[in-house]
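Student: Attaching a single structure in structure tokens format; questions to follow.
The values are calculated or read from the model by the stated rules, or taken from the named source; none is laboratory data. These numbers come from a predicted model, not from an experiment. We place every Cβ from the backbone using ideal geometry, glycine too, and count neighbours over all the protein chains shown. Remember, those area values only see protein heavy atoms, side chains included, never the ligands or the DNA or RNA. Shrake-Rupley method; radii C 1.70, N 1.55, O 1.52, S 1.80 Å.
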Amino acid sequence: PQPPDPVATTTDAPITFFSQVFEAPVTPNDGFSDVVTDEIGVGVVGADPTIDSNAYAWSATQPNAANVGPFGPSNDEYKADVVESVAGTFGVLFRVSLDGGLTFTYCDGADGNGVFDPNAAVALTVTAP
């Protein structure tokens with residue numbers, strides 16, 4: 001499951017984040033859908049990536065073959081290791097596309113309540129070792 005908010009780590013130490021996607025009839029099938037594009041973004045706390053596209057740096061996630069999420073095979077689960085080389089506090093969000101990246105649905109850390117709020121991003125605090 002997603003790490004609790006807030007999350008802390010040290011510089012250059014990886015921390016793994018998870019994202020789950022449910023979109024009927026795309027994700028309830030066995031295996032991962034070729035239609036889903038899932039990305040993690042790390043950026044400015046409270047910034048809205050739907051308004052400022054440069055507020056977050058986006059990276060592709062990888063399917064989590066273990067799919068250990070609480071919703072079982074109905075959801076596709078993805079994971080990403082984040083490594084920050086500078087100290088600071090960052091917002092962590094996910095975005096999902098079902099059309100090859102033409103449009104995205106942005107996801108905060110509010111457990112899929114259906115309303116995107118950039119202030120609900122998971123707070124990642126990175127300190128020097």
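Student: Only residues that are within 17 Å of the chain's Cα centre (by Cα) and either acidic (Asp, Glu) or surrounded by fewer than 19 Cβ atoms within 10 Å (Cβ to Cβ) (or both): list them for region 49-65, please.
Tutor: So in region 49-65, the residues within 17 Å of the chain's Cα centre (by Cα) come out as 49-50, 53-65.
Answer for region 49-65, where residues must be within 17 Å of the chain's Cα centre (by Cα) and either acidic (Asp, Glu) or surrounded by fewer than 19 Cβ atoms within 10 Å (Cβ to Cβ) (or both): Thr50, Ser53, Asn54, Ala55, Ala57, Trp58, Ser59, Ala60, Gln62, Pro63, Asn64, Ala65.
Student: Restricting to region 85-105, name every residue that is under 27 Å from Thr11 (Cβ atoms), part of a strand (DSSP E or B) and open to solvent by 30 Å² or more (accessible area, probe 1.4 Å). Quick ask: steps written out before the conclusion?
Tutor: Residues of region 85-105 under 27 Å from Thr11 (Cβ atoms): 85-95.
Still in the list and also part of a strand (DSSP E or B): 88-95.
Within region 85-105, Thr89, Phe90, Arg95 meet the criteria.
Student: Scan region 21-48 for residues that are in a strand (DSSP E or B) and open to solvent by 60 Å² or more (accessible area, probe 1.4 Å) and jot them down.
Tutor: none
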